[in-house]
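Asks: Encoded as structure tokens, here's the structure I'll be asking about.
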């Protein structure tokens, strides 16, 4: 089953060392902005940063560039 993930589960599961639950249960996709928020911001030791990098490099989590920005604007605050 495919699922789109935001930042919170990535950080939360990384805290407890179980990011693997995401790809064990789902075929995981994240928007490029989620990747940027976790990996490109904050310190090198930020929670979830290395875990997400590794998962993407191994193909366990796929990064998707959202092309329909109008949809993003209309959906903001409605998707969880």
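Asks: Give the residue that is surrounded by the most Cβ atoms within 10 Å (Cβ to Cβ), with candidates limited to residues of the range 57-66 that are in contact with a helix residue (DSSP H, G or I) (Cβ under 6 Å, 6 or more places away or on another chain) and not in a loop (DSSP other than H, G, I, E, B).
Replies: 61
Asks: Ok, one more. Could you please find all residues in the range 24-41 being assigned to a helix (DSSP H, G or I) and more than 10 Å from residue 5 (Cβ to Cβ)?
Replies: 24, 25, 32, 33, 35, 36, 37, 38, 39, 40
Asks: Determine whether the range 23-34 contains at least one residue that is in contact with a helix residue (DSSP H, G or I) (Cβ under 6 Å, 6 or more places away or on another chain) and modelled with pLDDT of 95 or more.
Replies: Within the range 23-34 (the criterion being in contact with a helix residue (DSSP H, G or I) (Cβ under 6 Å, 6 or more places away or on another chain) and modelled with pLDDT of 95 or more), the answer is yes, since at least one residue qualifies.
Asks: Just to be sure I understand, how many residues within the range 14-56 are surrounded by fewer than 18 Cβ atoms within 10 Å (Cβ to Cβ) and at negative phi?
Replies: Looking only at that region, the number is 26.
The values are calculated or read from the model by the stated rules, or taken from the named source; none is laboratory data. It should be emphasised that the depicted structure is a prediction, and the values quoted were computed from it without experimental measurement. All Cβ positions, even for glycine, are placed from backbone atoms using ideal geometry, and neighbour counts span all protein chains on display.
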